[in-house]
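Have a look at the structure below before the remarks.
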Amino acid sequence: MAAYRRFRDVCRFGPVTVGTYHNGRGQPRHTAACTAPGCGFSTEHRDRSAAELAARTHRCNA
């Protein structure tokens, strides 16, 4: 069964969306995911600045 995640504090850097959610243990996590079709880029980080850096430096291949 897939986990349902409610994202908050969502922002975009070009085609990449950065959002914050709480994992199953209640710890905050930050995700950066590219929304371009066929890209498949996504990362999960413990701090927001790392997720935003990944979003800013992502170069989409799609």
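Points to keep in mind about this one:
- Number of the exception - Gly38 against (1) modelled with pLDDT of 90 or more; (2) on the phi < 0 side of the Ramachandran plot: (2)
- Of all residues in region 1-43, those satisfying the criterion of being surrounded by fewer than 11 Cβ atoms within 10 Å (Cβ to Cβ) and of a type in the set (A, V, I, L, M) are Met1, Ala2, Ala3.
- First in region 23-47 and touching a residue at least 60 places away in the same chain (Cβ under 8 Å), second anywhere and acidic (Asp, Glu) and assigned to a strand (DSSP E or B), Cβ under 7 Å, 6 or more apart: none
- Summed over region 1-50, the residues that are of a type in the set (Ser, Thr, Tyr) and over 12 Å from the mean Cα position of the chain (by Cα) give a count of 1.
- Look at region 3-22: where a residue is within 12 Å of Glu52 (Cα to Cα) and among the β-branched types (Val, Ile, Thr) and a partner is modelled with pLDDT under 90 and outside any loop (DSSP other than H, G, I, E, B), sitting 6+ places away or on another chain with Cβ atoms under 9 Å, you get Val18/Asp9; Thr20/Arg8; Thr20/Asp9.
- Restricting Gly38, Gly24 to residues that are more than 16 Å from Arg6 (Cα to Cα) and either basic (Lys, Arg) or outside any strand (DSSP E or B) (or both) narrows the list to Gly38.
- Residue in region 44-60 that is among the polar types (S, T, N, Q), surrounded by 14 or more Cβ atoms within 10 Å (Cβ to Cβ) and modelled with pLDDT of 90 or more present: no
The values are calculated or read from the model by the stated rules, or taken from the named source; none is laboratory data. Quick caveat, the model's predicted, so the values are computed rather than measured. All Cβ positions, glycine included, derive from the backbone under ideal geometry; neighbour counts span all protein chains shown.
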